[in-house]
Amino acid sequence: MAFGSIIDVLFQLENLGFFNIILPFLLIFAIVYGIFQYTKIFGDEKAVHIIIALVIGLLAIRLRFFSDFLTEITPRLGVGLTILLVLLILIGLFTPKAHIHTLGWIFIAIGAIIGIVILVQTSNVLGYFGLGAFSNELIGWIVMIAVLIGVI
């Protein structure tokens, strides 16, 4: 009896459409259902929440655009969150407790800059803005202006 590696299993799941269809559907379904359960827009009727979340999830995966967008943005989002986590750990180690409140606003600004960079890079790969090579220069300017505003 031969056992395949985890990479073989992941390739088989990819060939079955697990990453392009099943996971995006589950993500949208869970988000929409969670929002409905939290806001209670339709009362406490869980069946209505499930049906509407199911329909929205199926409609979202209908177009290839949505899967491509998630495929491109998710790794970049992971890198951005890792950068924020490392900064949070380093600043938490070396910053006195009195200055932690001020640093929260700095983290919001850094997170916003990282979010803008992620969205611009994702849109360039998918060809939304058509910026091409100009986008790297644009990102540099945006970061430089944000740092300048932060220093001021």
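In contact (Cβ under 8 Å) with a residue 40 or more places away in the chain and out of contact with any Lys or Arg (no Cβ under 8 Å at 6 or more places or on another chain): which single residue out of Leu70, Leu10 fits that description?
The conditions single out Leu70.
Name the residues in the stretch 5-51 that are farther than 23 Å from Thr74 by Cβ, within 23 Å of the chain's Cα centre (by Cα) and open to solvent by less than 80 Å² (accessible area, probe 1.4 Å), would you?
Result: Phe36, Gln37, Thr39.
Would you confirm, using the coordinates I've provided, whether Ser67 is open to solvent by less than 90 Å² (accessible area, probe 1.4 Å), farther than 30 Å from Gly115 by Cα and among the polar types (S, T, N, Q)?
When the stated conditions are applied, Ser67 does not pass them.
May I ask you to verify whether Ile100 is among the β-branched types (Val, Ile, Thr) and at pLDDT below 75?
Here the answer is yes, as Ile100 does meet what is asked.
Could you please let me know if Gly140 is assigned to a loop (DSSP other than H, G, I, E, B) and modelled with pLDDT under 75?
no
The values are calculated or read from the model by the stated rules, or taken from the named source; none is laboratory data. Model, not experiment: these values are computed from the prediction. Cβ: placed from backbone, ideal geometry, glycine included. Neighbour counts: every protein chain shown. The protein model used for the area step is the full one, side chains on, heavy atoms only, and it has no ligands, DNA or RNA in it. Shrake-Rupley method; radii C 1.70, N 1.55, O 1.52, S 1.80 Å.
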